[in-house]
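K.L.:
Supplied in structure tokens, the structure appears directly below.
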Amino acid sequence: MVGFGANRRAGRLPSLVLVVLLVVIVVLAFNYWSISSRHVLLQEEVAELQGQVQRTEVARGRLEKRNSDLLLLVDTHKKQIDQKEADYGRLSSRLQAREGLGKRCEDDK
């Protein structure tokens, strides 16, 4: 009789191992499916972020070009202002000289 019980016990152990292995396989399959789904979502998010980065870089390039154009324009205007101030200084000194000359002429009369 003991021999029959031993055979039964040995027969139950592989079925228990089989059930445990099936549970482990189901858990691993669920984890794989979950991680795979998350991976797809993250890939889509990365693609969207890369698109935003590209658009931002294009906008940044346009703004940098505009900034450099505006800086050149400011430099041009500064040079024009300096030139006009120099012209004003020369004309002012010439006017004062002529006024002085005109005053001397009136004094001489």
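K.L.:
Can you give the calculated 222 nm mean residue ellipticity of the chain, where each DSSP H run of n ≥ 4 adds -39,500 (n - 2.57) and the sum is split over every residue, rounded to the nearest 500 deg cm²/dmol?
P.N.:
-38000 deg cm²/dmol
K.L.:
Using θ = phi - 60° and the Karplus form 6.51 cos²θ - 1.76 cosθ + 1.60, what ³J(HN,Hα) does each residue of segment 41-48 get, whole Hz, x for Gly and Pro?
P.N.:
In residue order, the calculated couplings are 4, 5, 5, 5, 5, 5, 4, 5 Hz.
K.L.:
First compute the accessible area of the chain with a 1.4 Å probe, then give the percent of it belonging to carbon and sulfur atoms. Intermediate values should be presented prior to the final figure.
P.N.:
Working: 6680 of 10620 Å².
Answer for the chain: carbon and sulfur cover 63 percent of the accessible area.
K.L.:
Solvent-accessible area per residue for the chain at a 1.4 Å probe radius, Å²?
P.N.:
Details: 10620 Å² over 109 residues.
For the chain, the per-residue accessible area is 97 Å².
K.L.:
Can you sort ASP107, ASP69 by solvent-accessible area, 1.4 Å probe, largest first? Write down the numbers at each step before the final one.
P.N.:
Details: ASP107 120, ASP69 75 Å².
Sorted by accessible area, descending: ASP107, ASP69.
K.L.:
With θ set to phi - 60° and the Karplus curve 6.51 cos²θ - 1.76 cosθ + 1.60, what are the ³J(HN,Hα) couplings of segment 80-94 in order, to the nearest whole Hz, using x for Gly and Pro?
P.N.:
5, 5, 4, 5, 5, 5, 5, 4, 4, x, 5, 5, 5, 5, 5
K.L.:
Starting from the Cα-Cα distance between GLN50 and GLU64, subtract it from 0.36 nm times their residue separation and give me the gain in nm to one decimal. Show your work: numbers first, answer last.
P.N.:
Numbers: separation 14, 0.36 × 14 = 5.04 nm, distance 2.07 nm.
Length gained, GLN50 through GLU64: 3.0 nm.
K.L.:
While we're on this one: Please check which bits of segment 39-79 a label hung off ASP87 would reach, taking the label as a point 7 Å along Cα-to-C-beta and the cut-off as backbone N under 17 Å.
P.N.:
Those under the cut-off are 76-79.
K.L.:
Quote the convex hull volume per residue of the chain, based on C-alpha atoms, as a whole number of Å³.
P.N.:
Working: hull volume 12.4 nm³, N = 109.
Convex hull volume per residue, Cα atoms: 114 Å³.
The values are calculated or read from the model by the stated rules, or taken from the named source; none is laboratory data. These numbers were taken from a predicted model, which means no experiment stands behind them. Because the Cβ atoms are built from the backbone with ideal geometry, glycine has one as well, and the counts that use them run over all protein chains shown. Please note that ligands, DNA and RNA were not included when accessible areas were found on the heavy atoms of the full protein model with its side chains. Shrake-Rupley method; radii C 1.70, N 1.55, O 1.52, S 1.80 Å.
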